[in-house]
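Nothing in this text is a laboratory measurement; each read-out follows from the coordinates by a stated rule. Keep in mind it's a predicted model, so treat the numbers as computed, not measured. Heads up, the Cβs are rebuilt from the backbone with ideal geometry, glycines too, and the neighbour counts pull from every protein chain shown.
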Amino acid sequence: MDYVDIIKKYIKDSVSIEEVSHTSNIVFKVVRENGEVLYAKFYLNNSSHIDHEMNLYKLVDNKYLKEVVCTSISPKMAIFKELKGTTIDELSISDKAKYSDLIIDSLYEFFESIASIKVNGYGLLDENMEGTSDSFIEFLNSRQKGTALNLKDYPFLSNLFDLICTKYKDIITSDNSLIPIDTNMKNIMLTDKEEIKFIDPGELISAPKLMGYGDFVAHTYKTILYDKLIKKLNLTKDEEKLLRIYAIFSSLNILSFLHNLGVDNLKEVIPFGNTYTFYELIEEHAKYLELNK
């Protein structure tokens, strides 16, 4: 497939087309005659999950997403206007504090709008945006036990799922709302207009709403963004335990993914924009949950 020719078909006044990313998807930077910069994204889904970015434009208010110029079904592609700004992971500590209310209020509104959409089934979604598992517990067992097996060289990590299920199975309730599960700080931008945009919302799954927030907590725990989120959510004791549980699950899945990529020492991996390692953050969640008792 000649991606450049496809882009030229849609952007006839392009003067340069440069590939800037080739991972699970392919992204090209496109410059037009008038100097405008666009980005063309081809959705290959060559990874362990499916990118549902384009589905979000049909489901929720687009105020927090990139502006789309055009889309294509075959091949699956979208061309976006360039966003100018700074991703949250690159903000200074003082700027994170300055914009923390804006970030969390935007995150809350974005997550709640997605979670208001109820779907059939649980877990990973098929092409019809329906869950592929019959229950949330079935999905968790399949996803997290596979992760635990992949992390067998790290006994502390690989044993956590069984410990959590043994102690907290009564509060791990099921709900089938749409939730995003890749909202790390590099995927959220503060634009030059001081707006918050979710620049790479990634995968959606069908699961309890709190699991989406747990994924965010996996990256932001021990930062001001976590403190602001906890204040915003006003959780019960059991809900806060669930938030920590889902943060552990998300962290384990990320570390498992990185392990598959060949990362040598998972104990040294730090979330984007954080100063603590995933390992340290998981240890604190486990301590809060009293998993050693």
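Some notes on this structure:
- Relative packing of peptides 257-266, 35-44 - highest average C-beta neighbours within 10 Å first: 35-44, 257-266
- To the nearest ten degrees, helix 100-115 and the longest principal axis of the Cα atoms of the chain are 90 degrees apart.
- Estimated [θ] at 222 nm from DSSP helical runs (n ≥ 4, -39500 (n - 2.57)) normalised by residues in the chain, nearest 500: -12500 deg cm²/dmol
- Put in line by how crowded their Cβ is, counting other Cβ atoms within 10 Å and starting with the fewest, 51, 170 read 170, 51.
- Added length on full extension, which subtracts the Cα-Cα distance from 0.36 nm per residue, residue 191 to residue 44: 50.2 nm
- Contact order relative to length of the chain, as percent, for alpha carbon pairs under 8 angstrom and 6 or more apart: 16
- Whether the range 3-82 is rounded, prolate or oblate, judged on the alpha carbon gyration tensor where a/c under 1.5 counts as rounded: oblate
- Here's the list of lysines a cross-link from residue 84 could span, going by alpha-carbon distance under 16 Å and ignoring same-chain residues fewer than 8 apart: 29, 63, 66, 186, 193, 197.
- Dipole axis of the range 86-288 (+1 Lys, Arg; -1 Asp, Glu on Cβ), positive-most option in 163, 258, 121: 163
- When the alpha carbon coordinates of the chain are projected onto the principal axes, the ranges are 65, 42, 40 Å, largest first.
- Of the residues 73, 3, 59, the one whose Cα sits farthest toward the positive end of the charge dipole of the range 1-85, with +1 on the Cβ of Lys and Arg and -1 on the Cβ of Asp and Glu, is 59.
- Spin-label proximity, residue 235 to the range 76-116 - amide N less than 17 Å from point 7 Å beyond Cα toward beta carbon: 104-105, 107-109, 111-112, 115
- Averaging Cα coordinates gives a centre for the range 1-75 and one for the range 127-182; these two points are 32 Å apart.
- Listed peptides 184-192, 284-292 by packing density, highest first (mean Cβ within 10 Å): 184-192, 284-292
- The range 166-293: relative contact order as a whole-number percent, Cα under 8 Å and 6+ apart: 24
- When each of the peptides 145-152, 133-140, 176-183 is scored by how many other beta carbons lie within 10 Å of its residues on average, the order from highest to lowest is 176-183, 133-140, 145-152.
- Residue order for 52, 22, fewest other beta carbons within 10 angstrom first, comes to 22, 52.
- Dipole magnitude for the range 3-82: computed about the Cα centre from +1 point charges on Lys and Arg Cβ and -1 point charges on Asp and Glu Cβ, it is near 180 debye.
- For the range 46-200, the Cα-based Rg and Dmax, in that order, read 18.3, 50 Å.
- Label positions at residue 264 and residue 280, each projected 7 Å from the Cα along the C-beta direction, are separated by 2.1 nm.
- Each of residue 57 and residue 153 was given a label point 7 Å from its Cα along the Cα-to-Cβ line. The distance between the two points is 4.1 nm.
- For the range 86-288, the dipole from Cβ point charges (+1 on Lys and Arg, -1 on Asp and Glu) about the Cα centre works out to 580 debye, to the nearest 20.
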